[in-house]
Amino acid sequence: MADIDSPFEMIAAMAARARRASSALAHQPTSAKANGLRAAAEAVRADLAGILLANSEDMARAEANDLSGAMQDRLRLDARRVEAIADAIKAVAALPDPVGEVIDTRTRPNGLELTRVRVPLGVLGIIYESRPNVTADAAALAVMSGNAAILRGGSEAAHSNRAIHAAFTNGLTEAGLPTDVVQLVSTTDRAAVGAMLAAEGAIDLIIPRGGKSLVARVKAEARVPVLAHLDGINHVYVDGSADENMAGRIVRDAKLRRTGICGAMETLLIDRSYRDVAGLVRVLSGGGCEVRGDGRIRTLVPEVAAAAPEDWDTEYLDAIASVALVDGLDGALAHIGAHSSGHTDAIVAEDQDVAERFLAQVDSAIVLWNASTQFADGGEFGLGAEIGIATGRLHARGPVALEGLTTYKWVGRGSGQIRG
Ligand SMILES: NC(=O)C1=CN([C@@H]2O[C@H](COP(=O)(O)OP(=O)(O)OC[C@H]3O[C@@H](n4cnc5c(N)ncnc54)[C@H](OP(=O)(O)O)[C@@H]3O)[C@@H](O)[C@H]2O)C=CC1
Ligand SMILES: N[C@@H](CCC(=O)OP(=O)(O)O)C(=O)O
């Protein structure tokens with residue numbers, strides 16, 4: 001057991017091992033990384049019984065602690081889910097290797113040849129929720145993109161994560177890859193998260209996946225660059241020009257397909273010129289969703305409960321939605337500008353000019369026209385996998401997979417040129 005009185009020393013030691021492993025991994029050919037991942041997938045599959053036993057310990061504690069149904073569902077493993085974890089690792093092994101890809105090339109008038117080449121970021125620190133499959137997904141994406149990863153999963157999943165991590169690294173070792181490319185923080189003490197955020201120079205990039213409490217800590221303490229994968233306060237704006245049938249289907253799916261994921265709609269904005277405001281609101285309430293509306297909505301749909309000011313900034317992750325009536329696109333843009341978390345926002349409209357203005361002016365990682373916010377997913381975008389949905393503005397936005405875990409360097413090939 002690591003010394004939890006010295007989280008800074010623990011993280012520093014892990015980061016030093018990760019640095020050595022990342023240097024070794026950066027030079028591995030694609031085939032070696034893919035073989036390592038295939039071996040890791042087999043090792044996960046072979047340790048089904050051990051992983052399920054570990055998960056049952058987490059589930060017993062989750063039940064005793066009265067964890068919500070949605071949280072328990074994210075935590076729970078069964079044979080089918082473990083199989084899916086192994087398949088996902090294999091799928092990453094089959095993705096094109098981004099490392100070494102030439103993304104720009106130019107020859108200067110003096111003959112100097114310059115290329116821009118993708119390289120791994122180095123050492124990643126990934127902090128994520130209590131979903132055991134993320135341990136394998138994040139590990140696989142890190143390895144295939146040539147990075148080392150320090151994983152800090154949610155405390156409710158500690159046993160499951162340990163079992164998955166052990167199997168994964170056994171597979172890597174069998175395939176001759178350095179085990180330290182994927183390390184798991186062994187303590188659930190949140191001080192280790194603080195130490196990761198402070199590990200300037202030792203960790204190259206922190207990827208936090210989580211909600212409000214994690215957001216606040218990252219904002220206050222991060223000294224390492226951050227690729228934030230944070231909460232989704234996502235909006236659907238239904239314009240007056242929207243097709244009613246399409247609006248109903250999209251709103252229902254965006255809120256109710258899976259209420260607990262970060263891509264779920266939390267706020268519905270309806271144009272005051274939309275023909276059937278009450279009908280659209282009742283698509284939600286009729287589907288079992290609690291609706292909280294502003295004063296204007298409540299005038300048109302009296303059975304709706306009153307929204308409090310904090311509702312507009314709340315990620316319910318549940319069958320609850322806030323609904324406001326807005327004055328056209330400008331009203332929607334103003335509301336989204338004030339309350340969106342920059343994850344995913346969508347418009348339903350037949351008017352192309354309105355839609356294009358929405359797509360251009362809403363500054364979120366994913367903006368969608370006539371499609372559900374629940375498409376916010378690397379698999380759905382054809383990326384094969386995802387670390388999550390990046391909600392910041394820099395480096396990578398939206399679903400992040402292999403390419404988002406790389407940076408580039410300029411490589412110059414000369415023949416004795418001097419600048420003079
Ligand atoms: N954008 C994206 O890709 C994704 C976003 N999310 C978001 O995650 C949230 C749901 O997950 P939830 O389980 O609530 O996540 P939490 O934010 O509660 O936890 C996520 C991770 O952060 C840690 N953490 C949380 N607060 C602190 C703190 N103050 N100090 C140190 N560590 C902390 C947790 O550790 P501990 O176990 O100790 O609580 C856990 O490892 C939603 O907001 C959802 O939108 C989820 C998945 C993907
Ligand atoms: N992007 C993924 C979900 C990611 C996500 O939200 O994770 P979680 O909050 O742990 O359920 C999907 O659409 O299935």
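The values are calculated or read from the model by the stated rules, or taken from the named source; none is laboratory data. These numbers come from a predicted model, not from an experiment. Reconstructed Cβ throughout: ideal geometry from the backbone, glycine too, with neighbour counts over all protein chains shown. Surface accessibility is based on the protein's heavy atoms, side chains included, excluding ligands, DNA and RNA. Shrake-Rupley method; radii C 1.70, N 1.55, O 1.52, S 1.80 Å.
Odds and ends about this structure:
- At an R0 of 30 angstrom, the distance between the Cβ atoms of residue 115 and residue 91 translates into a FRET efficiency of 0.50.
- Straightening the chain between residue 272 and residue 393 buys 40.4 nm, computed as 0.36 nm per residue apart minus the Cα-Cα spacing.
- The chain, relative contact order in percent, only Cα pairs under 8 angstrom and at least six apart counted: 18
- Region 139-204 versus region 345-414: alpha-carbon centroid distance in Å: 26
- Label-point separation, residue 187 to residue 403 (7 Å along Cα→Cβ), nm: 4.0
- Using 0.36 nm per residue and subtracting the Cα-Cα separation, the extra length available between residue 246 and residue 13 on full extension is 78.4 nm.
- Relative contact order computed over region 234-375 (Cα-Cα under 8 Å; 6+ residues apart), in percent: 34
- Counting only DSSP beta bridges whose two residues both lie in the chain, roughly 30 percent are antiparallel.
- Whole-angstrom gap from region 238-300 to region 6-47, using each part's C-alpha centre: 45
- Gaussian network model of the chain, springs between alpha carbon atoms under 10 Å - residue of 330, 271, 97 with greatest fluctuation: 330
- The residues of the chain have, on average, 43 Å² of accessible surface per residue, using a 1.4 Å probe with all protein chains present.
- Considering region 7-229, its Cα convex hull presents a mean projected area of 13.4 nm².
- If R0 equals 51 Å, the separation of the Cβ atoms of residue 24 and residue 257 corresponds to a calculated FRET efficiency of about 0.75.
- Relative contact order [Cα under 8 Å, 6+ residues apart], region 103-181, whole percent: 26
- Global size of region 234-375 as Cα Rg and Dmax, reported in angstrom: 13.0, 36
- Here residue 90 is the anchor, and the lysines within straight C-alpha reach of less than 25 Å, apart from those fewer than 8 places off in the same chain, are 33.
- Surface composition of the chain: carbon and sulfur atoms hold 50% of the protein heavy-atom accessible area at a 1.4 Å probe.
- By accessible area with a 1.4 Å probe, ligands and nucleic acids excluded, highest first: order of 20, 152: 20, 152
- All-pairs Cα distance distribution in region 299-420, expressed in whole percent, bin size 5 Å: 2, 9, 14, 17, 16, 13, 9, 5, 4, 3, 3, 2, 1, 1, 0, 0
- The heavy atoms of residue 10 offer some 20 square angstrom of accessible surface to a 1.4 angstrom probe.
- Peptides ranked, highest mean first, by Cβ atoms within 10 Å: ranges 33-40, 103-110: 33-40, 103-110
- Region 88-160 - Debye-derived log10 I(q)/I(0), Cα point model, q = 0.12, 0.17, 0.23 Å⁻¹: -0.47, -0.72, -1.01
- Cα→Cβ-extended label distance, 7 Å offset, between residue 308 and residue 53, nm: 4.7
- Each residue, residue 299 and residue 6, gets one label point 7 Å from its Cα in the Cβ direction; the gap between the two is 6.7 nm.
- Just so you know, the averaged projected area of the alpha carbon convex hull for region 106-203 sits at 8.4 nm².
- Furthest towards positive pole of dipole, 325, 305, 238, structure part region 234-375, Cβ charges: 305
- The stretch between residue 351 and residue 106, if pulled fully straight at 0.36 nm per residue, gains 84.0 nm over its current Cα-Cα span.
- Note on the chain: Cα-Cα pairs beyond 36 Å make up 33% of the total pair count.
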